[in-house]
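The values are calculated or read from the model by the stated rules, or taken from the named source; none is laboratory data. Predicted model only: the values in this text are computed from it and were never measured. In this analysis, Cβ positions are derived from the backbone assuming ideal geometry, glycine residues included, and neighbour counts consider all displayed protein chains. Areas reflect the complete protein model, heavy atoms only, side chains present, ligands, DNA and RNA absent. Shrake-Rupley method; radii C 1.70, N 1.55, O 1.52, S 1.80 Å.
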Amino acid sequence: KIFDSNTFLNCNPTNLPTQDKLDVFEVLGTIASALADLQSSVEGLSPPAFGKKVAVISKKIGKENFKGACGSLNGLLGLTQAQRRKKITEQQADTVMAAAMFLANIIGCEI
């Protein structure tokens, strides 16, 4: 799938010109990397809802449900704000928020 104007279009990368193939794989790699960064940012955080929300986001991205992933990212941002200076430090909150916003921008969320 390739991203175009906030929608994903079906494509078969093997049928694309070489540069377009590289662009498709670069986008997919960027999403995977951003998701890994988000997962890393919530490791060990309490409450466990952080990890659960990221698992849901990952599952939705895996199913190409980007609109749903955006909604879940918004929920993670809300949880992060609610737990800032309570269950997580300012630095932890900033790290989670930066990772979530980076992923949101990549998949086209309007947050």
- Cα extents of the range 26-108 along the three principal axes, largest first (Å): 36, 20, 19
- Solvent-accessible area per residue for the range 36-82 at a 1.4 Å probe radius, Å²? 51 Å²
- Item | Estimated inter-spin distance, Ser46 and Arg84, nm [label 7 Å along Cα→Cβ] | 2.2 nm
- Task: For the range 52-68, just list the computed ³J(HN,Hα) in residue order, Karplus coefficients 6.51, -1.76 and 1.60, θ = phi - 60°, integers in Hz, with x standing in for Gly and Pro.
- Result: 5, 5, 5, 4, 5, 4, 4, 5, 5, 5, x, 8, 6, 9, 6, 5, x
